[in-house]
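Structure record follows, encoded as structure tokens.
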Amino acid sequence: MNRLVRLVLLTAIWVVLWSEPSVANVVGGLVVAGVIVALFDTWRRGPVIVRPLAAARFLAWFLWKLVESNVVVARTVVAPRDRIRTGIVAVPLRGCSDAVATLIADAISLTPGTLTLEVRRDPLTLYVHALDTRDVEQVQRDVRTLEVLAVRAFGDDAALAGLADDDTTSWRAS
Amino acid sequence: MMDALTGTLAVLGALLVVLAGVGVLRFRDLYSRMHAATKATTLGFALVALAAALAVDAGRGKILLATVFIFVTGPASAHFIGRAAYRAEGIDVRLDGPDDLGDLLDGAAGSPGE
Amino acid sequence: MIALALVLLLVAGACYLVRLVVGPSLADRIVALDGLVVVIVAAVFVDAVRDDSPRFLDITLVVAMVGFTGATAAARFVERRGG
């Protein structure tokens with residue numbers, strides 16, 4: 001199933017690059033994509049899980065944060081820099097798959113005032129550079145909210161169970 | 001009507017990209033500059049791409065492809081650079097607040113850092 | 001409007017270019033170059049609208065890919081040799 005999805009995706013990219021969905025392009029794309037999928041089996045780390053509703057929620061929250069982060073950066077660029085107190089904060093997470101951890105780390109870099117510098121396993125911990133560390137707990141809360149949203153949208157059952165144990169963060173909290 | 005919409009989107013996006021550029025110029029240390037570069041450029045770029053995708057007659061697929069690519073790789077390369085810069089010597093990484101990563105690396109290496 | 005967007009992108013590109021020249025560290029230059037790639041891609045998009053032709057859009061894909069791999073490789077270099 002996974003392979004089929006990748007085959008279709010790669011073929012679609014090929015056709016887009018040729019900018020014309022002719023028969024020859026589709027066949028050529030299928031051949032190239034087939035060779036790539038057969039040779040490079042890079043997605044071995046478990047199935048891809050997507051829960052549409054939770055994913056939409058994650059996306060909406062992420063887009064909102066992206067806009068907010070731009071307002072924050074814009075304000076910091078234009079106004080004097082009295083708000084800046086930079087620091088690096090360790091944020092322990094509850095644990096999830098590599099793919100979801102990557103997603104969280106990427107999303108952090110695009111949300112207001114935070115930038116992922118380092119990811120450590122066992123236990124899963126993100127080291128986040130923040131522009132404003134006057135309230136360290138606020139920074140950690142923001143990252144954890146993001147984690148809850150991401151796990152609900154894309155996490156496996158084990159990660160979801162981890163959330164249930166210790167579900168103090170509501171996704172509405174920001 | 002359509003032209004006005006795409007024009008506004010493009011100008012708004014370009015404005016954000018300029019703001020990011022000014023931030024990269026003005027901010028005092030590497031990490032602050034990276035904050036400006038990764039965030040403001042990404043949204044500004046997305047707006048410009050959206051405007052272009054609405055306005056062109058052909059090539060929407062390529063615009064989408066390039067946009068997705070930049071969205072995925074932007075934070076990733078920021079992470080690489082930030083990580084490398086922290087470990088490299090001779091880069092001015094000014095921190096006013098806590099430095100949990102420094103504590104971690106010092107603990108592992110057993111040597112006092114900055 | 002389109003011309004204004006292009007001028008703004010030009011200004012942004014100039015900002016990154018100054019940072020690229022000034023540095024001071026190698027990491028700063030990589031950040032500047034990375035930003036410059038995004039500005040260039042955006043400018044080609046706007047130019048495709050102005051020109052009403054998709055002929056330069058392939059450039060954006062190549063520039064984005066080369067920019068990312070270049071930044072990654074340079075980051076490895078910084079990590080080993082210092083900036």
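Each reported figure results from applying straightforward, stated rules to the coordinates on display, with no laboratory input. A quick note: this is a predicted structure, and the numbers were derived from the prediction, not measured. In this analysis, Cβ positions are derived from the backbone assuming ideal geometry, glycine residues included, and neighbour counts consider all displayed protein chains.
If you scale each eigenvalue of the Cα gyration tensor by 5 and take the root, what three semi-axes come out for the protein assembly as shown, rounded to whole angstrom and sorted largest first? If you can, show how the numbers build up before the last one.
On the way: eigenvalues 206, 150, 83 Å².
After diagonalising the Cα gyration tensor, the semi-axes are 32, 27, 20 Å.
Amide H of A:Thr125: which non-local residues (sequence gap of 5 or more, or other chain) have their own amide H closer than 5 Å, using H built in the peptide plane?
Answer set, sorted by chain and number: A:Leu93, A:Arg120.
Measure nothing fancy, just the Cα-based angle from helix C:2-22's long axis to the longest principal axis of chain C, in degrees from 0 to 90, nearest 10.
Long axis of C:2-22 versus the principal axis of chain C: about 10 degrees.
With each pseudo-label sitting 7 Å past Cα toward Cβ, what's the B:Thr8-C:Val62 distance in nm, one decimal?
3.7 nm
Calculate the spin-label point distance for A:Glu68 paired with A:Ala161, positioning each point 7 Å from the Cα along the beta-carbon direction, and give it in nanometres.
Roughly 3.3 nm, to one decimal.
Given H placed on each backbone N at 1.01 Å, which residues far from B:Val56 in sequence or on other chains put an amide H within less than 5 Å of it?
For B:Val56, no residues qualify.
Taking just the C-alpha trace of chain C, give me its Rg and Dmax in Å.
So, for chain C, Rg and Dmax equal 14.5, 46 Å respectively.
At 222 nm, what value in deg cm²/dmol follows for chain C if DSSP H runs of at least 4 each add -39500 (n - 2.57) and the sum is divided by all its residues, to the nearest 500?
Value at 222 nm, helices only: -30500 deg cm²/dmol.
What spacing in nm lies between the two simple spin-label points modelled at A:Asp98 and A:Leu4, each 7 Å away from Cα in the Cβ direction?
Between A:Asp98 and A:Leu4, the simple spin-label model gives 2.6 nm.
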